[in-house]
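Colleague: This structure is in structure tokens; I'll ask about it shortly.
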Amino acid sequence: MKKIVLKSIAILGFIGSMTLPSYTFAQDNVGIGTTTPDASAILEMLSTNKGILVPRMNTAGMNAIASPANSLLIYNTDSMCYCFYRVPTTSWISLCTGGSGGAGSSGPTGPTGAAGIAGATGATGAVGATGNDGIAGATGATGNDGIAGATGAAGATGATGNDGIAGATGIDGIAGAPGVVGATGATGNDGLAGATGAVGATGATGIDGIAGATGAVGATGIDGIAGATGAVGATGAIGATGAIGATGNDGIAGATGAIGATGAVGATGAVGATGAVGATGIAGATGAVGITGATGAIGATGIVGATGAVGATGISGATGAIGATGISGTTGATGPTGPGNVFKYSVVGTTNATLAANAAAAAFVLMPQMTLTFTPINASVFMHFTAAGTYTNTAYANHTVWFEVLVNGISIKEWDTTCGTAWNLWDIGVSSPLTVNPGVPNTVQIRWAAQRAGATSTTINNLILSGTYFNRTLMILDTP
């Protein structure tokens, strides 16, 4: 029993050293990725490049869990949300919505619509700046060596075979023939081999060896024999030497006589050893170049001798061993992607607009010039609408002005604002995403309506031509 327990401990230690390279068991808490888990936590996990995965299942699988514990956490693949179980309400709570009801099952997927016409490819946006290199994470502590497995027990020694039967003793006198040697007893079976002990943990990797010295460069091969020099033409008669001018400037060179045929060159003597090069003297000033005389005719070129054979290449020295490669630094986080293509459509009001505000709210009417027709690339665009103005009667009354947005003639959203009681003014600014049909023309319109606050009817004004702070604008952003 003791051997079985020790063997189990050894196996668990080996598995732990292979699967949890950096963890700590404290007395009452556990750390993964840290050797100092916080005292207030039963479990602390620390990592800069890994997360935690909880069980993932669809709604049917979630609802099929029998007697879930209070605060049991799962990830619902239908709603793409984390959900936890609340025992007092016997329900699953979604962390996306916070509602108390269980997540409903997904309806059937509708048929795929026909592909829209591909829009023209927009210009490529500027590349975002490269993010800084991330700081290299600290090297995790080396795990402890696993407990060595117990040595298996030696197998039992097989039983010794029986002795052969002794031959009969011969009659005294003439020696009888020797008795037949009894057959050797059968060899006993080998004992069972003991179980192999568990493999111990791998020791730390040794330090890389010093790089070997670079091998010596092989000797240079012997130069080939130089080919014979062709015969030189005869030397022409030397012209008369011109008068020597004053020192410094060269005299005018006399005319060069015609070069005669070069005589045959005698055999070249052996080259003596090169003497040591003396120190270079100070260069004198260069005299002025004299006028060059006429060049004599060039003699015929002698036949080029055959090229000598190339000497054999020396043996290359052995290449030294390559040193160990240094550890690569951690790759920095990727910088944010630069902006994509954005298409803007807008209209600005340039005329005055007015609207009656009576006791009962009138029906919506189209606000002048607040209509945009465009062909979007994306199925969702962003709308921004602003307007500001004043009103005519019953100053400082809290009149109400409503606004409505239509997409392709269908009312999508409504907003309202009230006239100021301290100032004879009103304004509104709204932003909202809109769903549109990509690849075909779409029309977005703004309509408005008003209702008075007091007993006297009034007029709501949007007087663009009367003040710089009055405005009426509609803008659509078509962006991925």
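Colleague: For residues in region 340-355 being surrounded by 15 or more Cβ atoms within 10 Å (Cβ to Cβ) and more than 19 Å from Leu465 (Cα to Cα), which is farthest from the chain's Cα centre (by Cα)?
Modeller: Ranking the candidates gives Tyr345 first.
Colleague: Filter region 287-297 down to the residues that are at pLDDT below 70 and under 30 Å from Ala267 (Cβ atoms) and list them by number.
Modeller: Within region 287-297, the subset at pLDDT below 70 is 287, 289-290, 292-293, 295-296.
Across region 287-297, the qualifying residue is only Gly296.
Colleague: Turning to a different aspect of this structure: Regarding region 420-432, can at least one residue be identified that is more than 25 Å from Val444 (Cα to Cα), modelled with pLDDT under 85, touching a strand residue (DSSP E or B) at 6+ places or on another chain (Cβ under 8 Å) and not hydrophobic (A, V, I, L, M, F, W, C)? Talk me through it step by step, then tell me what you get.
Modeller: We begin by selecting, within region 420-432, every residue more than 25 Å from Val444 (Cα to Cα); these are 420-425.
This time we only want the ones that are modelled with pLDDT under 85, so: 420-425.
Among the residues that remain, those that are also touching a strand residue (DSSP E or B) at 6+ places or on another chain (Cβ under 8 Å) are: 420, 424-425.
Filter again for not hydrophobic (A, V, I, L, M, F, W, C), leaving 420, 424.
Yes, that holds for at least one residue.
Colleague: Restricting to region 459-480, name every residue that is closer than 17 Å to Thr371 by Cβ and assigned to a loop (DSSP other than H, G, I, E, B).
Modeller: Ile464, Asn471
Colleague: Applying the selection to region 359-376, what residues are modelled with pLDDT under 90 and either surrounded by 12 or more Cβ atoms within 10 Å (Cβ to Cβ) or over 30 Å from Ser457 (Cβ atoms) (or both)? Steps first, please.
Modeller: Keep residues of region 359-376 that are modelled with pLDDT under 90, which gives 359-363.
Result: Ala361, Ala362.
Colleague: Restricting to region 39-92, what's the tally of residues that are basic (Lys, Arg) and not in a strand (DSSP E or B)?
Modeller: Initially, region 39-92 is screened for residues basic (Lys, Arg), giving 50, 56, 86.
Applying the additional criterion that residues be not in a strand (DSSP E or B) yields 50.
Looking only at that region, the number is 1.
Colleague: Right, something else. Could you tell me whether any residue of region 388-402 is touching an Asp or Glu at 6+ places or on another chain (Cβ under 7 Å), part of a strand (DSSP E or B) and within 17 Å of Phe343 (Cβ to Cβ)?
Modeller: Narrowing region 388-402 to residues touching an Asp or Glu at 6+ places or on another chain (Cβ under 7 Å): 388, 400-402.
Imposing the further condition that a residue be part of a strand (DSSP E or B) reduces the set to 388, 400-402.
Add one more test, that the residue is within 17 Å of Phe343 (Cβ to Cβ), and what stays is none.
Checked region 388-402: no residue is touching an Asp or Glu at 6+ places or on another chain (Cβ under 7 Å), part of a strand (DSSP E or B) and within 17 Å of Phe343 (Cβ to Cβ).
The values are calculated or read from the model by the stated rules, or taken from the named source; none is laboratory data. Nothing here was measured: the structure is a model prediction, and the numbers come from that model. So basically every Cβ, Gly included, is an ideal-geometry build from the backbone, and we count neighbours across all protein chains shown.
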